[in-house]
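Let me begin by presenting the structure, written as structure tokens, before commenting on it.
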Amino acid sequence: MARSLDFKALILSLGLLAVLVFAWYQATLPQATPAASANPEYTALMGGNSVAKSGMPTPAEFARTFRRQLAHPFYDHGPNDKGIGIELGYSLARVLAGFTLAALFAIPLGFVLGMSPLMQRAFNPYIQLLKPISPLAWMPLALYTIKDASASAIFVIFICSLWPMLSNTARGVATVKRDWLNVAKTLEMSVWRTALRVILPAAAPTILIGMRISMGIAWLVIVAAEMLVGGTGIGYFVWNEWNNLSLTNVLFAVLMIGLVGLLLDLIFGGLSRLVAYED
Amino acid sequence: MSSDFLTVEGLSRTFPARRGEAPPAVFDDIYFSIGKGEVVCIIGHSGCGKSTILNILAGLDQPSAGVVIMDGREVVGPSLDRGVVFQGHALLPWLSVRKNIEFAVRSRWPNWSGAILDSHCQRFVDLVGLNGSEHKNPSALSGGMKQRVGIARAFSIQPKMLLLDEPFGALDALTRGTIQDELLKICAVTGQTVFMITHDVDEAILLSDRIILMTNGPRARIAEIVINTLPRNRARSDMHKNPQYYRIRNHLVDFLVSRSRDLALAPARDSDPRHPPQVRPGEANDEPPADSLPAKKQPALQLA
Ligand SMILES: Nc1ncnc2c1ncn2[C@@H]1O[C@H](COP(=O)(O)OP(=O)(O)O)[C@@H](O)[C@H]1O
Ligand SMILES: [Mg+2]
């Protein structure tokens, strides 16, 4: 039953892909415009071809770019010409750095907030105020204080990864079953051991939801941040190719951003399954 | 009776007001004691504060007034000397049966490892008849099996005293009987001191040496303490053959049905909370066996 449902879904997905590619193909067909033949001067001006070419690549052109880019993902021909692998690598490194810093900060702090209603109340106004700020709004301040483009991008990732991990950790820790804490108490476990052996595993699924959301947001934000700071990274690559008017490369980069995002989400999905428990 | 292993003196608990006026005390002026090796049950309607008393004995809750003294020392917090079997079994769901028990054993004997740890844990897995299931996670167990793990966990740290909060309430009759027998066996072998909450009259008679009866809350009190005069080697299978059984049972049922409420409204005049009356309904109006031919028939109980 489920098997056949999966199979049907797969067929439908492939059908959808075929329709999309066909629509794309139709929309980017080189067309002999009557206007062009009516005005030879204009045609000559536009390059002399008798067919007007859309800026959008055709599926075939895209496939060629796709193959070419993936054949050499790690080439490096100077600052404005690097393989997609290198650019993605830069972006991933920034995301991982910012995300890891945020996790190292947010998870212990979340533990404190979750375990202490006093701290929770004291911190709450600041968290509520800071949370809705677009992480990119911090960029000028970061650039001014840190004075380094790449580090500023990492800082922006840090800020945007912070909130989901912080609030989820605090909530996960605060909602650990009272019974489980009582078990730890009757066994005279130290606060430290209770935190590691009872609260951490109990709250882990909630914490991982926060990490997964943070990672998703970080991957969204890195593209915009790199467009702003420039230099390297997939966001810069997109911006650079837009300036080169190479929509083929832009399209290719967009697809890669999606694929990497999907992969990151799958990784966190797998981690979630590792710490899941059934109560 | 060596009633001084655990002493409860003047215990009272008032929860803070939610909003508006403060609620009355849940219970007030509770005095009782438990001797070493004694099994004491507490019976009363729900809401009279049984779990609260047990939590205070465990050190998980603090009384508003009064003290609990165990083994000569005041109870001020939880301790490995008092093992608790929680009402909702409270197993850690991410640990297997075996690991749940090991978790407790490691807390009790942090230096143990390897063979000692293994054999000790296995002994308690076997004790509650869970060998074969030790590597399952709690979610894969039935309610009865989970409760047995909770019991094994509490027993495994070999506490001086066991506190059980309606430990068999959620079990089917068959499983309940099996575990009750196990508990009886353990108590007989180890001389374990037990304080237990139950709402099952038969369970109280089977397991306990004395049964504390609480009036209805709020401001619940101890109405009386029933001494179980059935011989200690009683068994589920033949307990009902003793005529005392019906007298005690009727006394308890009668208390739960009507007296617990009446006594809450109008306490007995001569009641002294420090010395709640100790009654022996099993030995009350012992008719000469000659004129009570139908021994099976429940004797009508009339306490003067
Ligand atoms: N943490 C708490 N806060 C406020 N009231 C409580 C709390 N715990 C128990 N109570 C109240 O105390 C009374 C006794 O509860 P409990 O000890 O659980 O009774 P029992 O176990 O006899 O059914 C109940 O009326 C309950 O509402
Ligand atoms: Mg209760």
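The values are calculated or read from the model by the stated rules, or taken from the named source; none is laboratory data. Quick caveat: nothing in here was measured; it's all calculated off a predicted structure. Reconstructed Cβ throughout: ideal geometry from the backbone, glycine too, with neighbour counts over all protein chains shown. Only protein heavy atoms, including side chains, enter the accessible area calculation; ligands, DNA and RNA are left aside. Shrake-Rupley method; radii C 1.70, N 1.55, O 1.52, S 1.80 Å.
The residues of chain B expose, per residue, 46 Å² of accessible area to a 1.4 Å probe. Counting only Cβ charges, +1 for Lys and Arg and -1 for Asp and Glu, the dipole size of chain B around its Cα centre is about 640 debye.
For the stretch A:58-275, the solvent-accessible area of protein heavy atoms averages 50 Å² per residue (probe radius 1.4 Å; ligands and nucleic acids excluded).
Summarising the amide proton neighbourhood of B:Val84: residues at separation of 5 or more, or on other chains, whose placed amide H is nearer than 5 Å comprise B:Leu163. Contact order, relative form, for chain B: 22 percent (alpha carbon pairs under 8 Å, 6 or more residues apart, mean separation divided by residue count). Using R0 = 60 Å, the C-beta based FRET efficiency linking A:Leu104 and B:Ser258 works out to 0.40. In chain B, helical runs assigned H by DSSP with n ≥ 4 each contribute -39500 (n - 2.57); averaged across all residues and rounded to the nearest 500, the mean residue ellipticity at 222 nm is -9500 deg cm²/dmol.
Counting only DSSP beta bridges whose two residues both lie in the protein assembly as shown, roughly 50 percent are antiparallel.
Shielding by partners for peptide B:81-93, expressed as the average number of C-beta atoms from other protein chains within 10 Å of each residue's C-beta, is 4.
If you take the beta carbon distance between A:Ala71 and A:Leu220 as r and set R0 to 25 Å, what does 1/(1 + (r/R0)^6) give as a FRET efficiency, to the nearest 0.05? Once rounded, the FRET efficiency stands at 0.30. Along the stretch A:98-104 the Karplus relation, 6.51 cos²θ - 1.76 cosθ + 1.60 evaluated at θ = phi - 60°, assigns HN-Hα couplings of x, 5, 5, 4, 4, 5, 5 Hz to successive residues, with x for each Gly and Pro. Highest mean packing first, where packing is the average number of other Cβ atoms within 10 Å per residue, the peptides A:98-109, A:171-182 line up as A:98-109, A:171-182. A:Val223 sits among other residues whose Cβ lies under 14 Å from its own Cβ, and their net charge, with Lys and Arg +1 and Asp and Glu -1, is -2.
The phi torsions of the stretch B:171-187, fed into the Karplus equation with coefficients 6.51, -1.76 and 1.60 and a -60° offset, translate into couplings of 9, 6, 4, 5, 4, 4, x, 4, 6, 4, 4, 4, 4, 4, 4, 4, 4 Hz, rounded to whole numbers, with Gly and Pro shown as x.
Karplus-derived 3J(HN,Hα) values for the stretch B:157-162, using 6.51 cos²θ - 1.76 cosθ + 1.60 with θ = phi - 60°, are 8, 6, x, 5, 9, 10 Hz; glycine and proline are entered as x.
Per residue of A:170-180, other chain Cβ atoms within 10 Å of the residue Cβ number 2 on average.
Report the local net charge at A:Leu113: Lys and Arg +1, Asp and Glu -1, summed over other residues whose C-beta lies under 15 Å from its C-beta. Around A:Leu113, the surrounding residues sum to +3. By the rule of a C-alpha distance below 18 Å, with chain neighbours fewer than 8 residues away ignored, the lysines paired with A:Lys185 are A:Lys177, B:Lys99, B:Lys160. What does the charge add up to near B:Ile179, with Lys and Arg as +1, Asp and Glu as -1, over the other residues with Cβ less than 15 Å from its Cβ? Once all neighbours under 15 Å are counted, the net charge is -3.
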